[in-house]
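So the structure is just underneath, and the comments pick up after that.
Since every read-out is calculated from the coordinates, none of them should be taken as a lab result. As the structure is a computational prediction, the values presented were derived from the model and not from experiment. FYI the Cβ positions are ideal-geometry reconstructions off the backbone, even for glycines, and counts take in every protein chain you see.
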Amino acid sequence: MKRRAQIRWRLIAAIVIPVFAAMTKLRITRGSLPAKGPFVIAPNHYSEIDPIVMGIVVWKLGRTPRFLAKASLFRVPGLGALMRFTGQIPVERRSAAKVSEPMEAAEVLTRQGSGLIVYPEGTLTKDENLWPMQGKMGAVRMALQSNIPLYPAAHWGTQHLMGRYSKKITVIPRSRITVVVGEEMDLSAYRNKPITKPLLEKATAELMQQIASLLGELREETPPKVLHDGQGEKVRG
């Protein structure tokens, strides 16, 4: 299955990457991913087109990009076939979804030796200056529960291609997008301990600060010390 997914992604990449390159100037300033085995990469999120950007980045770094998707979407005619074709990972929505989804995804990652792109904010940032918000705990839970390496990442420039909450793509002039993938997050202080909510919250806060720091590096700015709490109405950027 893993080999079939890679072949399918080669077909997709052969179409998508040249088209994307015609619209943007994408540069990975630094970073790498493990050549094999499971991993989670956690980037910032402020544009609906971010998944395409990060999918291309993961592919360029030598791995097959995958995302979590609601299992119900796999039952939609056409869409389900596309998601199976690209090897996306289905998760069931349950009453205890906050617990079950990361566990389910971690099992798939470990079994398949796959990588996963997870947006820890869970949605587009509400910070009016496009800094990351406080994160949800799923990415850290997966990493700790199954001993999967976790990589913070950041990108900047996609807002010029597609603005926050916008559905319009702007192709002229070509957008400059820069991406950095950080070193594997050191989770040694959290491992071999009961995975409690306070522990997950602390580790997630550290992850989000690392993502904000990487974004500050790209923007050549200092990120806020206190990240947006995710409350309040959407503010168009």
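Some values worked out for this structure:
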| read-out | value |
| --- | --- |
| Residues LEU227, LEU150, sorted so that the one with the fewest Cβ neighbours within 10 Å comes first | LEU227, LEU150 |
| Cα centroid of the range 163-178 to Cα centroid of the range 6-70, whole Å | 17 |
| Sequence of THR110, THR24, THR123 once ranked by neighbouring C-beta atoms within 10 Å, starting from the fewest | THR123, THR110, THR24 |
| Gaussian network model of the chain, Cα within-10 Å springs - most flexible of PRO223, PRO173, PRO152 | PRO173 |
| Relative contact order [Cα under 8 Å, 6+ residues apart], the chain, whole percent | 28 |
| Correct choice for P(r) over Cα pairs in 10 Å bins from 0, in percent that was computed from the model, options (1) 7, 26, 27, 21, 14, 5, 0; (2) 7, 31, 39, 20, 2, 0; (3) 7, 27, 27, 17, 14, 6, 1 | (2) |
| Residues LYS225 and LEU11, FRET efficiency given R0 of 41 Å [Cβ-Cβ distance, rounded to 0.05] | 0.35 |
| Sites excluded, trypsin sites (Lys or Arg not before Pro) in DSSP loops with at most 13 other C-beta within 10 Å, longest stretch of the chain | 95-166 |
| Order of HIS160, HIS228, HIS45 - criterion: other Cβ atoms within 10 Å of each residue's Cβ, fewest first | HIS160, HIS228, HIS45 |
| Sum of -39500 (n - 2.57) over DSSP H runs of 4+, divided by residues of the chain (222 nm, nearest 500) | -12500 deg cm²/dmol |
| Coil-residue GluC sites (Glu not before Pro) of the range 165-229, DSSP, other Cβ within 10 Å capped at 14 | GLU183, GLU220, GLU221 |
